[in-house]
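Below: the structure, in structure tokens.
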Amino acid sequence: MLRTTGKLVLAVAALALGLALLAPAAPAARGPSWEELLLPLAAGEPTREGYALASLRRGAEHDVVLVFERSSGAPARVEVHVLDRGRWSGVRETASFGVAYELPRSTAPPGDCEAVTAAVTELVAGRDGGGLGPVDAIALRTEAPAPTIARALGELPWARALGVGVCLCAITWLLAALPHGAVWVALWLGALGLALRLPHLELPFARDEDVQRLFTGHLPLGAILTGQGLGDRHPPLYFAVLHAAQVFGQSELAGRLPAALAGGLVAPLLVGAARLLGRPIAPAALAGLVTALALPLVTEGRAVSPLPLLGLLAVAASVSLARHVERPSRRTAALAVLSHALALHVSYLAPFMVLGSLLGVALARRSLRRAWRPVALGVACGAPAIGLAVVTFLRDRGARAAAHARPELAWGDRGVSETARLLAETALAALGVLLLGWLALVCVRALRDRDAAVLVPAASFVATGLGVALLAPVARVQPYYLAGVLPLAALALALGSAAGARERATRARAGALPALVLGLAVATHLVPELRGARALYEPDPDAFMPDVARRARLRPERRIATVAHYDATLLAWELAKQAELPVDWARLERVGERAFRVAGSDTVLDPLVFAHDASPDPDALALARLEAALAAEPVLVVARDVALPRLAARLRRCELVLTHGAGRLFGCAPTAP
């Protein structure tokens, strides 16, 4: 057996080796940029079919996206993707890349799509002698240098990622084996989780839902708990957390910080759960390593999201309930009541989690009466949130109908089978095949042993996933919601992987096989998957509102129309931020039927298309609204890639003020020809 000093030395050595493997390579000599590879198309020369390059940006799948638009005639567009060779089958290829157009975002005739794609392939192939890739390593002239953490993860080859994973597992195992190992390994896992979640939280927002949540959280606390805050699609407690986060000012960092802190605390909580329930620490610590590294959990931990807080409360609720049914006490009962009540006030998914907890107790053949009391008290305390869930469900039916009628404009049109498939893909991306298989074995053994500590979180996890799938036909739910209860799967692994150790003489031997399985999963799946986290630390290609706001403030126009209604919310945030004005729903002043301005600003924001408009022809409606605004004054127009051909034709007669990868800013005058 290694002595304490030897374990510490090995842990430090593993940390040094892991950092060395993770360190990004020194920047290579500058090669050709994408703009150079795509000349003369990148300089504005149209293809033979009359399509000119409108935007060039990085995509979300380690690719580069080229959007071509027809220079004359009826509006049409072709979206071409260039990605590393071999990732897509049946597409055109050069020595280093694959090239293909994407439907349905390409609206041009198939022949034109094929011709534009062939032109791009021919240009790139002429300059690609091999060895140019990967796509992410080739520069775009318009982008800033990537942060160190983005380069370290994005440029990590699979073999080195495997080595980093082995080092992380070794450090975790060695720290768990020290005297007071639970404390040491909890600190290590907390630091690791925060190291992946805290950097560069100040990046601009790309999704309007982030801004909407900050607007709600900035309302007075009374309005959050009893007024306007009750109209959101989420219970009010998370907005109270956001309210506290914005006490010292509004910013992207303040909005994302609560999720980052909650996500970073899940792994230490799993270690604490193992200590509380008398389970081996090392396997629990490796299960905690899973929650620290899983890409879906890291992603949600860097968003304005209630899901990390739900995960934290879900773990606390399962642990306290499992402890209470085995060894009842006032302390565990109080914790079970509190955690269940808070979970209900954080997410409308919590009722499924509660039902799953009771199912887990029943499967363990423990006294439901003993479990029922704290759960019932928790549900009673959370009853207002359950009532709000019913109201929200009824209120959201119109949005669900709109999503079914116009899926190109509104999200939420999805059936049970498709949602179940996407939920399974989310779980697979987070845990991998090996861990999911091991989880199944752990649950089978827990059923045999009637182990409530494993069955309660496992049943909660499964019940919540089933609840999301079953809600899909009647409510707008997303597969990524599963990230809120993924820590429950890790908790079942943490408590069940070495449950048999209680019956064996040597606990370390009992935990050896589970630790090996968990370590293999971390090394072969979770760390390599983190290579996809590079985009989390770089500005989102769709986050172009800061540039729009800066340019708009220099222009004389005082009305800005946004083709999509959600861009008006994003732009309101950016205009207020750059003008150093506080902003929330109460500070958005209505101007006319649908337009509004931020209090203290003279710029009017005018959304042209609402996803829930009843009009059967949103293109005609948007064009009519724009012409009505232009009859009174010049208008700036923010346009993303929305398939509204008549509106697009009208915008082509306006001045192009700003081009960004995700959209454009036009200046339209009433007298435009």
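The values are calculated or read from the model by the stated rules, or taken from the named source; none is laboratory data. Since the structure is predicted, the reported quantities are computational estimates derived from the model, not experimental observations. Cβ atoms come from the backbone with ideal geometry, glycine included; neighbour counts cover every protein chain shown. Calculation scope for accessible area: heavy atoms of the full protein, side chains included, ligands and nucleic acids excluded. Shrake-Rupley method; radii C 1.70, N 1.55, O 1.52, S 1.80 Å.
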- Sites LEU15 and ALA628, calculated FRET efficiency, Cβ-Cβ separation with R0 51 Å, nearest 0.05: 0.20
- Message: Taking 2.2 N^0.38 Å as the expected size of a compact globular protein, what ratio does the Cα radius of gyration of the chain give against it, to two decimals?
- Response: 1.03
- Cβ-isolated cysteines (cut-off 4.7 Å), the chain: CYS113, CYS167, CYS169, CYS381, CYS443
- Query: Which loop-located trypsin sites (Lys or Arg not before Pro) does the stretch 12-97 contain, where loop means any DSSP state but H, G, I, E or B and the Cβ has at most 12 other Cβ atoms within 10 Å?
  - Reply: ARG30, ARG48
- Using +1 at the Cβ of each Lys and Arg and -1 at the Cβ of each Asp and Glu in the chain, identify which of LEU37, PRO268, THR562 lies farthest towards the dipole's positive end. PRO268
- Query: If you line up the long axis of helix 330-346 against the longest principal axis of the chain, both from Cα atoms, how many degrees apart are they, to the nearest 10?
  - Reply: 10
- Message: Given the -39500 (n - 2.57) contribution per DSSP H run of 4+ residues, what per-residue ellipticity at 222 nm results for the chain, rounded to the nearest 500 deg cm²/dmol?
- Response: -17000 deg cm²/dmol
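Magnitude of the Cβ-charge dipole of the chain, K/R +1 and D/E -1, about the Cα centre, nearest 20 debye?
3020
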- Restricting to Cα pairs under 8 Å and 6 or more apart, the percent relative contact order of the chain works out to 14
- Item | Cα gyration tensor of the stretch 116-248 - equivalent ellipsoid semi-axes, whole Å, descending | 40, 32, 12
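If you count only protein heavy atoms with a 1.4 Å probe, what accessible area per residue comes out for the chain, rounded to a whole Å²?
42
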- Task: DSSP loop (so not H, G, I, E, B), at most 11 other Cβ within 10 Å: list which GluC sites (Glu not before Pro) in the stretch 532-599 pass both filters.
- Result: GLU580, GLU593
- Spin-label model distance (nm) - LEU441 vs ARG87, 7 Å beyond Cα toward Cβ: 3.4
- Give the angle, between 0 and 90 degrees and rounded to the nearest 10, that separates the Cα long axis of helix 158-176 from the longest principal axis of the Cα atoms of the chain. 40
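Suppose every K and R has +1 on its Cβ and every D and E has -1 on its Cβ; what is the size of the dipole of the stretch 97-217 about the Cα centre, in Debye to the nearest 20?
520
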- Considering the options GLY126, ALA440, ALA159, tell which one lies farthest towards the positive end of the dipole of the chain, charges being +1 on Lys and Arg and -1 on Asp and Glu at the Cβ, about the Cα centre. ALA440
- Lys/Arg +1, Asp/Glu -1 at C-beta; the chain dipole; positive extreme among LEU651, SER329, GLY484: SER329
- Mean separation of Cα contacts under 8 Å (at least 6 apart) over the residue count of the stretch 231-356, i.e. the relative contact order in percent, is 29
